[in-house]
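Student: Dumping the structure here so I can ask a few things about it.
The values are calculated or read from the model by the stated rules, or taken from the named source; none is laboratory data. Here the structure is a predicted model, which is why all the values come from computation and not from measurement. Using ideal geometry, Cβ is built from the backbone for each residue, glycine included, and neighbour counts are taken over all protein chains shown. In case anyone asks, the SASA skips ligands and DNA or RNA and just uses the protein heavy atoms, side chains included. Shrake-Rupley method; radii C 1.70, N 1.55, O 1.52, S 1.80 Å.
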Amino acid sequence: MHELSIATSIVDIVAESAAAYPGARVREVRLRVGVLAAVVEDSLQFCWEVVTEDTVLAGSRLVVRVLPVILHCAGCGTDSALDGIQSFRCPCCGEPASDLLQGRELEIEAIEVEEPELGAGMKAEEA
Ligand SMILES: [Zn+2]
């Protein structure tokens, strides 16, 4: 499954980054995914729970931000976001646009880590 290998590689990358903070737990991972990366978010969310089990990412939230396709039209010079991926024509002048500026991304935008020291410090302050 496509999504399983994606989830696995994201977990690997995040776990490696989180290793810099011993004892820390990952709370949230934010992804930027282009429409053309063909990721099914439901499947990815399902795989996420399975793959993060018994890692520092266990119980973390996966937030997927879907990016629309943005085309650059050499004909009229317009950059346009497309609503769908049925047509790759410039909505402005109707020419087939060859320059894809955005839409194939699959990258980690942000990782939110919870450091245990912080929680302990806050509790000590309250007491
Ligand atoms: Zn155009």
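Student: Just to verify a result, which residue in segment 56-66, among those that are modelled with pLDDT of 95 or more and either open to solvent by less than 50 Å² (accessible area, probe 1.4 Å) or part of a strand (DSSP E or B) (or both), is nearest to the ligand (Cβ to nearest atom)?
Tutor: Among residues in segment 56-66 that are modelled with pLDDT of 95 or more and either open to solvent by less than 50 Å² (accessible area, probe 1.4 Å) or part of a strand (DSSP E or B) (or both), the one nearest to the ligand (Cβ to nearest atom) is R65.
Student: Same structure, new question: When you look at A81, is it outside any helix (DSSP H, G or I) and closer than 18 Å to I13 by Cα, yes or no?
Tutor: no
Student: Then there is this: Listed residues V40, V64, V33; which is of a type outside the set (S, T, N, Q) and out of contact with any strand residue (DSSP E or B) (no Cβ under 7 Å at 6 or more places or on another chain)?
Tutor: V40
Student: If you take the residues of segment 91-117 that are within 13 Å of the ligand (Cβ to nearest atom) and assigned to a loop (DSSP other than H, G, I, E, B), which of them is least open to solvent (accessible area, probe 1.4 Å)?
Tutor: Selected residue: A97.
Student: Filter segment 2-48 down to the residues that are in a loop (DSSP other than H, G, I, E, B) and not hydroxyl-bearing (S, T, Y), then identify the one that is most open to solvent (accessible area, probe 1.4 Å).
Tutor: P22
Student: Any idea which residue in segment 73-90 is surrounded by the most Cβ atoms within 10 Å (Cβ to Cβ), counting only those that are in contact (Cβ under 8 Å) with a residue 12 or more places away in the chain and near the ligand (Cβ under 9 Å from one of its atoms)?
Tutor: Residue satisfying both the conditions and the ranking: C90.
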